[in-house]
1. Being under 28 Å from residue 97 (Cβ atoms) and outside the structural domain of residue 158 (by TED's automatic domain parsing) is the requirement here; does residue 193 meet it?
2. Looking at residue 231, is it in a loop (DSSP other than H, G, I, E, B) and either more than 19 Å from the chain's Cα centre (by Cα) or free of Cβ contacts under 8 Å to residues at least 60 places away in the same chain (or both)?
3. Tell me, yes or no, whether the range 27-40 has at least one residue that is within 21 Å of the chain's Cα centre (by Cα), within 20 Å of residue 258 (Cβ to Cβ), part of a helix (DSSP H, G or I) and modelled with pLDDT of 90 or more.
4. For the subset of the range 275-296 comprising residues that are in contact with a strand residue (DSSP E or B) (Cβ under 9 Å, 6 or more places away or on another chain) and surrounded by fewer than 18 Cβ atoms within 10 Å (Cβ to Cβ), which member is farthest from residue 29 (Cα to Cα)?
5. Quick one: count up the residues across the range 49-76 that are in a helix (DSSP H, G or I) and modelled with pLDDT under 95.
6. Those residues that are in contact (Cβ under 8 Å) with a residue 12 or more places away in the chain and within 20 Å of residue 172 (Cα to Cα), I need them from the range 306-321; list them, please.
7. Do we find that residue 143 is in contact (Cβ under 8 Å) with a residue 12 or more places away in the chain, farther than 20 Å from residue 85 by Cβ and surrounded by fewer than 16 Cβ atoms within 10 Å (Cβ to Cβ) in this structure?
8. Could you list all residues from the range 246-296 that are at pLDDT 95 or above and farther than 22 Å from residue 59 by Cβ?
């Protein structure tokens, strides 16, 4: 039998490697060769839709391709998550997930058809949405100190509105109330709009709500702003204290969005998409638009946002379990 020399052996290995990786490398270099679908877990006109459309438009230009928005609302993002988790991990289907989908849903639903962390490739963090705590003018509450004093003086009398059981507006206000050891009753509504209107009318006393939703009512004098989330006071609300200033023990109120895809996406495709997101967040026009919507770019890597999702799953999962919230 003829012996194969060391040089011949090395040549054969190189040929095999080229055959194995050459087509894939060329494929990645040509990506995207067709339109990318960006799945949004909410309907047109929603916060996620507005953010996703801005991102899709920029990514299309940056990648010299086309990014098409596909709205798939339903079941608090479970429908959209299920669809994306089953897609091929080739980079042609991506998903704008959020803290609610990645960190809350596994604790809210008895059985999910996917794992919100393991069944997705985390690509890049996108933005964090600001929240604010507001009070009804009829409540007599004019400050955070008033809120605490009134709640302690009359346990169980004050009420807070939410956009629904298990919604972030519910969990965040409940976390505040429990950390401050207060007795305030929860009144759920079907959506943030009706909930906020209940505060405006005086039907309920308080609400923790997305800032961009509450700001018009605050600026019109229809509600009293008690606190805002985040690490820095917003320029349009310089006199409203941060929650972290008033209650340092409170965890951050997360309102983040992140770009993900099905598990198993090639690292080079993830890198390309991540680069597009980073460029999007670094664009001056983008920054201006996001700031107007009280959306703040999140620095960091795919690994960091994945770790954050897992960490916040633990924090808010414990609260969901304590509240005994469970959906079929």
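1. Against the criterion (under 28 Å from residue 97 (Cβ atoms) and outside the structural domain of residue 158 (by TED's automatic domain parsing)), residue 193 does not qualify.
2. Yes: the conditions hold for residue 231.
3. Scanning the range 27-40 turns up no residue that is within 21 Å of the chain's Cα centre (by Cα), within 20 Å of residue 258 (Cβ to Cβ), part of a helix (DSSP H, G or I) and modelled with pLDDT of 90 or more.
4. At the first step, the residues of the range 275-296 found to be in contact with a strand residue (DSSP E or B) (Cβ under 9 Å, 6 or more places away or on another chain) are 275-278, 280-282, 286-287, 289-290, 293-296.
Filter again for surrounded by fewer than 18 Cβ atoms within 10 Å (Cβ to Cβ), leaving 275, 278, 282, 287, 289.
Values: 275: 14, 278: 19, 282: 24, 287: 29, 289: 31 Å.
This residue is 289.
5. Count: 5.
6. First, the residues of the range 306-321 that are in contact (Cβ under 8 Å) with a residue 12 or more places away in the chain: 306, 308-310, 312-313, 315-317, 319-321.
Correct list: 308, 309, 310, 312, 313, 315, 316, 317, 319, 320, 321.
7. Numbers: in contact (Cβ under 8 Å) with a residue 12 or more places away in the chain: yes; farther than 20 Å from residue 85 by Cβ: yes; surrounded by fewer than 16 Cβ atoms within 10 Å (Cβ to Cβ): yes.
Yes: the conditions hold for residue 143.
8. Once the filter is applied, which keeps residues that are at pLDDT 95 or above and farther than 22 Å from residue 59 by Cβ, the range 246-296 yields only 246.
The values are calculated or read from the model by the stated rules, or taken from the named source; none is laboratory data. For clarity, every value in this text was computed on a predicted model and none was experimentally measured. As a convention, Cβ positions derive from the backbone with ideal geometry for all residues, glycine included, and neighbour counts pool all protein chains shown.
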